[in-house]
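A quick write-up on the structure given underneath.
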Amino acid sequence: MLNPFSNQPVRIAVLGLGYVGLPLAVAFAEHYDALGFDISKTRIEELKAGHDRTQEVDTDELKGSRLAFSCNEADLKGCNVFVVTVPTPIDDHKRPDLGALLSATRTVARNISRGAVVVYESTVYPGATEEDCIPVIEQISGLKFNVDFFAGYSPERANPGDREHRLSTITKVTAGSTPAAADFVDALYGSIVPAGTHKASSIRVAEAAKVIENTQRDLNIALVNELAVIFNKLGLDTLEVLEAAGTKWNFLPFRPGLVGGHCIGVDPYYLTYKAESVGYLPQVILSGRRINDSMGAYVADQLVRAMIKKRIHVEGARILVLGLTFKENCPDLRNTRVVDIVKELQDFGAQVDVHDPWVDADEAEHEYGFRPIEAPEAGAYDGIVLAVGHSLFREMGPERIAAFGKPSHVVHDVKAALPKDPAILRL
C-alpha cells in the first residue's frame, strides 16, 4: 500500500509497545515495513529477545515477526505513518495527564516529513488530537496541518488477558483529519483487522465514541455496586438477586466488584474534564465514579466488621489479600483498586500480606510501595480477601484457601469466585 500523501510505500512506526502497541505493531509488520519504538531500553531488549512481559504476544509469534525494535529516535526518520499508543492516565487530582501523549507527539514532530500521517490510538477527550497534539507537531516540525501532514484517530479496544476479543476480532473505529486521510487510515486498518472497520465522520466523533464505551460500563458497574451495598443492608444475597433478575431477556449481566485498570476507572474523567471545560458539570458520571472508587474501602469495612463479630482483634491482625492485578488472569497492575483494600486495612492497624503469582514483585513495589509475598503461610491469617478471580485461586477452592486462616478467621470473596457459603462474605 502507498501512502497517498507521500507517494511512497507505507512505512509504519508504532510508538509505545505496551498492551496496545505491541500487538498492533506485530500485526502491521505482517503486511508493511514496521518499526516498534519505545523509550524503555529494557523493554526493547526484552522484546528483541522474544519476551513480552504483558503476555499479549507469544514468544514464537514475537520471534517470527518481521517487526523491528528501537529506542533510538533517529530510527524513526523515513517513516511516513506514525501510530501513537502511549498511556493516557489521570493525575492525583483525577484530571487527564497528557504527559506521555505530548512527549510522544514531540518525538514524532522531530522526525516527521512531508506527506506523513500521524494516527493516535490513546484514549483522550473529544478534541485532544486536533487541539492539543497537532499544534505541537506544527510548532516543532514547521509543517502545516492538512497541507504538509495529516492526522487520524483509531481508538484502542484492547482487553488485557482476553484471548477471544483481540485486535483481529474487534471492529476498529477509524477517522481522519480530511476525507482523503480518513479513507487512507480506514484502508490501513482494514488491511490488518479481519473483523472490519467503522469509519467515523470526524476525529472528534471517534474520540467521543471511545471515551463513552468505558463510561457506560463504569456506570453499569456502579449501579450494581450500589445495589450490593443496599442488598447487604437488607440481608439479601446480591448475586441471587441478579441471577433472578437476569432471567428477563433484556437485563444486563453486570456484577459488583472493584473497578480499576487503564480504561474503565480512568476514561470517564477525561469526558467529565472536557464537559466541565465547556461549562457543564456532569452528575451521573461523577456519581458513578464516586461509588466505584469507594468499593475498596467498603470491602475492607465488611471484613473488619465480620472479624469484630468473631471477636478477632483487628489491630495487629494478619490479613492475606489474594490477587493484586486489576483483573483476573493477566499481569496488568495499572490503576488496580486492590490497593484501596490494602491501604484501608493497614489504616485499621492490620498487617497485610498480598499474594499474586501473576505479578512482577519489583513492579508492584515500585508502583504501590509494598512487595507481594511469594507464598502465604498455612494457618497464619485472621482474615483472607480473595480480591482477584484468577483461575489458580478459583481452582484452589474454599478448603485450600481457608487453610491459610487461623482456626477462627474470616474470608471475603470479592469476585464470588468460590461456591456460595454462608460463612464466606461476598459483595
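The values are calculated or read from the model by the stated rules, or taken from the named source; none is laboratory data. Being a predicted model, the structure only gives us computed values, none of them experimental. Here the Cβ positions follow ideal geometry from the backbone for every residue, glycine too, while neighbour counts run over all protein chains shown. For accessibility, only protein heavy atoms count, side chains too; no ligands or nucleic acids. Shrake-Rupley method; radii C 1.70, N 1.55, O 1.52, S 1.80 Å.
Pairwise over distinct Cα atoms, reciprocal of the mean inverse distance: report the Kirkwood radius of the stretch 50-141 in Å, one decimal place.
Working: mean 1/r = 0.0667 Å⁻¹.
Taking the inverse mean of 1/r over all distinct Cα pairs, the stretch 50-141 comes out at 15.0 Å.
What is the Cα coordinate range of the stretch 139-188 on the first, second and third principal axes, sorted by size from largest, in whole angstrom?
43, 24, 11
Can you give the helix-only mean residue ellipticity at 222 nm for the chain, where every DSSP H stretch with n ≥ 4 adds -39500 (n - 2.57) and the sum goes over all residues, rounded to the nearest 500 deg cm²/dmol? Mind dumping the intermediate values first?
Details: 14 runs with 162 residues, N = 427.
Per the formula, -11500 deg cm²/dmol.
Does the stretch 339-381 classify as rounded, prolate or oblate by the C-alpha gyration tensor (a ≥ b ≥ c root eigenvalues; a/c under 1.5 gives rounded; else a/b over b/c gives prolate, otherwise oblate)? Can you show the working numbers first?
Details: a/c = 2.53, a/b = 1.11, b/c = 2.29.
Taking the square roots of the gyration eigenvalues as a ≥ b ≥ c, the stretch 339-381 is oblate.
For the stretch 1-106, which whole-number percentage of the solvent-accessible area (1.4 Å probe, protein heavy atoms only) is attributable to carbon and sulfur atoms?
Numbers: 2340 of 4910 Å².
Result for the stretch 1-106: 48 percent of the exposed heavy-atom area is carbon or sulfur.
Sequence-distant or interchain residues sharing an amide H contact under 5 Å with THR88, placed H: which?
Residues meeting the amide H criterion: THR123.
Just to be sure I understand, if you calculate Cα extents along the principal axes in Å for this structure, which of (1) 75, 48, 38; (2) 59, 44, 38; (3) 76, 51, 40 do you get?
(1)
Give me Rg over Rh for the stretch 128-270, both radii from the alpha carbons and Rh done the Kirkwood way, two decimal places.
On the way: Rg = 20.2 Å, Rh = 18.0 Å.
Using Cα coordinates only, the ratio equals 1.12.
Give me, ordered by chain and number, the residues 5 or more places off VAL119 or on other chains with an amide H under 5 Å from its own placed amide H.
Those lying under 5 Å, H to H, from VAL119 are PHE82, VAL83, VAL84, GLY152.
On a 32 Å Cα-Cα criterion, which of the cross-link pairs LYS48/LYS199; LYS248/LYS310; LYS274/LYS420; LYS327/LYS406; LYS144/LYS274 come out too long? If you can, show how the numbers build up before the last one.
Numbers: LYS48/LYS199 34 Å; LYS248/LYS310 39 Å; LYS274/LYS420 43 Å; LYS327/LYS406 28 Å; LYS144/LYS274 26 Å.
Exceeds cut-off: LYS48/LYS199; LYS248/LYS310; LYS274/LYS420.
Considering only C-alpha atoms, what is the centroid distance from the stretch 351-387 to the stretch 202-230, in Å?
30
Given just the C-alpha atoms of the stretch 256-390, how large is their convex hull per residue in cubic angstrom? Could the numbers behind the result be given before it?
On the way: hull volume 15.8 nm³, N = 135.
Convex hull of Cα atoms, per residue: 117 Å³.
Quote the relative contact order of the stretch 125-193 in percent (integer), defining contacts as alpha-carbon pairs under 8 Å separated by 6+ residues.
Normalised by residue count, the contact order of the stretch 125-193 is 26 percent.
Name the residue, out of ALA402, ALA245, ALA175, whose mean-square fluctuation peaks in a Gaussian network model built on the chain with Cα pairs under 10 Å.
ALA245
Test of understanding: express the Cα radius of gyration of the stretch 81-122 as a ratio to 2.2 N^0.38 Å, with N the residue count. Don't skip to the end; give the middle numbers.
Working: Rg = 11.9 Å, N = 42, 2.2 N^0.38 = 9.1 Å.
This ratio for the stretch 81-122 stands at 1.31.
I need the phi-derived Karplus couplings for the stretch 114-125: 6.51 cos²θ - 1.76 cosθ + 1.60, θ = phi - 60°, integer Hz, Gly and Pro marked x.
4, x, 6, 10, 10, 10, 9, 10, 4, 5, 9, 7
If you build a Gaussian network model of the chain, linking Cα atoms that sit under 10 Å apart, which residue out of ASN72, ASN250, ASN232 swings the most?
Greatest mean-square fluctuation among the candidates belongs to ASN250.
Could you give me the radius of gyration and the Dmax of the stretch 272-342, taking only the C-alpha atoms into account and expressing both in angstrom?
When restricted to the Cα atoms of the stretch 272-342, Rg and Dmax are 17.0, 53 Å.
Take every Cα pair under 8 Å in the stretch 131-276 that's 6+ residues apart, average their separations, divide by the length, and report that relative contact order as a whole percent. Please report the intermediate quantities before stating the final value.
Working: 156 pairs, mean separation 26.0, N = 146.
Dividing the mean separation by the residue count of the stretch 131-276 yields 18 percent.
What list of ³J(HN,Hα) values in whole Hz, one per residue of the stretch 162-172 in order, does the Karplus curve 6.51 cos²θ - 1.76 cosθ + 1.60 (θ = phi - 60°) give from phi, with Gly and Pro shown as x?
Values per residue, Gly and Pro as x: 8, 8, 9, 9, 10, 3, 6, 10, 10, 4, 9 Hz.
Going by accessible area, probe 1.4 Å, with all protein chains left in place, what is the ranking of PHE404, PHE393, largest first?
On the way: PHE404 30, PHE393 0 Å².
If we order PHE404, PHE393 from most to least accessible, we get PHE404, PHE393.
Whole Å is fine, so just give me how far the alpha carbon centre of the stretch 1-63 lies from that of the stretch 408-424.
43
Among PHE145, PHE184, PHE326, whose mean-square fluctuation peaks in a Gaussian network model of the chain (Cα, cutoff 10 Å)?
PHE145
For the chain, what proportion of DSSP beta bridges, expressed in % and rounded to the nearest 5, is antiparallel? Display every interim value, and only then the final one.
On the way: 5 of 46 bridges.
Around 10 percent of the beta bridges assigned by DSSP in the chain are antiparallel ones.
How many angstrom lie between the C-alpha centres of the stretch 282-301 and the stretch 72-118?
33
So if I place +1 on the C-beta of Lys and Arg and -1 on the C-beta of Asp and Glu, and nothing else carries charge, what would the dipole magnitude of the stretch 126-269 be about its Cα centre? I want it in debye, nearest 20. Walk me through the numbers before you get to the answer.
On the way: 12 positive and 18 negative charges, 63 e Å.
So the dipole magnitude of the stretch 126-269 works out to roughly 300 debye.
Using the crude model of +1 on Lys and Arg Cβ and -1 on Asp and Glu Cβ, and no other charge, please compute the dipole size for the stretch 126-208 relative to its Cα centre, in debye to 20. It would help to have the intermediate numbers written out before the result.
Details: 7 positive and 11 negative charges, 60 e Å.
Here the size comes out at about 280 debye.
Would you mind working out the magnitude of the charge dipole of the chain relative to its Cα centre, with +1 at each Lys and Arg C-beta and -1 at each Asp and Glu C-beta, to the nearest 20 Debye? Could the numbers behind the result be given before it?
Numbers: 44 positive and 57 negative charges, 133 e Å.
With Lys and Arg at +1 and Asp and Glu at -1, about 640 debye.
Taking only protein heavy atoms and a 1.4 Å probe, what accessible area per residue, in Å², does the chain have with all protein chains in place? Intermediate values should be presented prior to the final figure.
Details: 19180 Å² over 427 residues.
Heavy-atom SASA per residue in the chain reads 45 Å².
LYS172's amide H: which non-local residues (gap 5+, or another chain) put their own amide H closer than 5 Å, with H modeled 1.01 Å from N in plane and none for Pro or chain starts?
GLY196, THR197, HIS198
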